[in-house]
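Heads up, the thing below is written out as structure tokens.
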Amino acid sequence: MTPYSFAIYTVLLVVLTNFIGLVYSLLVLYTNFFKSFAIQNKPYAPGIFLKRMPLYFFNLFVLLCFSGLGAYYGFSLFNTVSSNVWIIIIQVVVAFVFDDIFFYFMHRWLHQNKFMLKHVHYIHHRASKPFPLEYLYAHPFEWMLGMIGALLGFGLILIFMPINMYAFWIFGALRNFHEIHIHSDLNLPISNQIPGISKTKHHDDHHAKLTGNYASTFIWMDRIFKTNF
């Protein structure tokens, strides 16, 4: 594995997960395939996908740049040889926990700070009934700010050991897939059976009511600070 190939594989993973999100979005918007699982009954505004596409692509471009350049220039920080399953699992869990804690407080601040809510976070809340790729529909500043949690998690890991290449990829893929799904407005039975993981309705209610349910991946932060409903 070379820095160049590691960066290419990382970028391809991001492209693949978001391509799946694109297909998922088109099925939600233009077919009745998932209609029986919809949480909100109101229809999507005509042409909403094409209207918002420029911001989707811009934020995806930012994500690709951060992921690809980070993988290339930070290559020496990664373990690209060992594939110890327990090390991978532990690193993925640590990254998710730190990412979720940071996201909770960042997201709550974006709502409680009236300036940030009005000038930054309100863009994401134009999606009162979201569809999968709406996770990309955010102010670029908020989008980049949201990456800090994962950096903190992997930064903690680096204090003790190199970041496992597979842990990095697995976290990235699962994080993307989860964000895509919780913005789908779909109450799919299988995906909602994982204990401790936030369900689509948890985040969908946040979009519909513009308050509470600030956590993303897990539900325990909202329960601890009594911001769930």
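Restricting Val28, Val23, Val15 to those that are surrounded by 17 or more Cβ atoms within 10 Å (Cβ to Cβ), among the β-branched types (Val, Ile, Thr) and within 18 Å of Leu133 (Cβ to Cβ) reduces the list to Val28. Being modelled with pLDDT of 90 or more, farther than 30 Å from Leu50 by Cβ and of a type in the set (Val, Ile, Thr), is that true of even one residue in segment 166-179? Checked against the condition, which is being modelled with pLDDT of 90 or more, farther than 30 Å from Leu50 by Cβ and of a type in the set (Val, Ile, Thr), segment 166-179 yields at least one hit. Inside segment 204-227, residues that are under 16 Å from the mean Cα position of the chain (by Cα), touching a residue at least 60 places away in the same chain (Cβ under 8 Å) and surrounded by 20 or more Cβ atoms within 10 Å (Cβ to Cβ) make up a count of 6. Got a sec? Which of Ser83, Ser76 is among the small types (Gly, Ala, Ser), surrounded by fewer than 20 Cβ atoms within 10 Å (Cβ to Cβ) and assigned to a helix (DSSP H, G or I)? Checking each option against the conditions leaves just Ser76.
When segment 152-177 is limited to residues that are in a helix (DSSP H, G or I) and in contact with a strand residue (DSSP E or B) (Cβ under 6 Å, 6 or more places away or on another chain), the one that is farthest from Leu64 (Cα to Cα) turns out to be Ile157.
Results for (1) over 18 Å from Leu186 (Cα atoms); (2) in a helix (DSSP H, G or I); (3) in contact with a Gly (Cβ under 7 Å, 6 or more places away or on another chain), shown as yes or no for each residue.
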{"site": "Tyr24", "(1), (2), (3)": "no, yes, no"}
{"site": "Asn32", "(1), (2), (3)": "no, no, no"}
{"site": "Ser36", "(1), (2), (3)": "no, yes, no"}
{"site": "Phe49", "(1), (2), (3)": "no, yes, no"}
{"site": "Ile88", "(1), (2), (3)": "yes, yes, no"}
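Considering every residue within segment 126-143, establish whether at least one is assigned to a helix (DSSP H, G or I), modelled with pLDDT of 90 or more, over 20 Å from Leu64 (Cβ atoms) and among the aliphatic types (A, V, I, L, M). No: segment 126-143 contains no residue that is assigned to a helix (DSSP H, G or I), modelled with pLDDT of 90 or more, over 20 Å from Leu64 (Cβ atoms) and among the aliphatic types (A, V, I, L, M). Of the residues screened, Phe168 is not one that is surrounded by fewer than 19 Cβ atoms within 10 Å (Cβ to Cβ) and not aliphatic (A, V, I, L, M).
The values are calculated or read from the model by the stated rules, or taken from the named source; none is laboratory data. Everything quoted here is computed from the prediction, not taken from an experiment. Here Cβ is always computed from backbone atoms with ideal geometry, including for glycine, and neighbour counts include all displayed protein chains.
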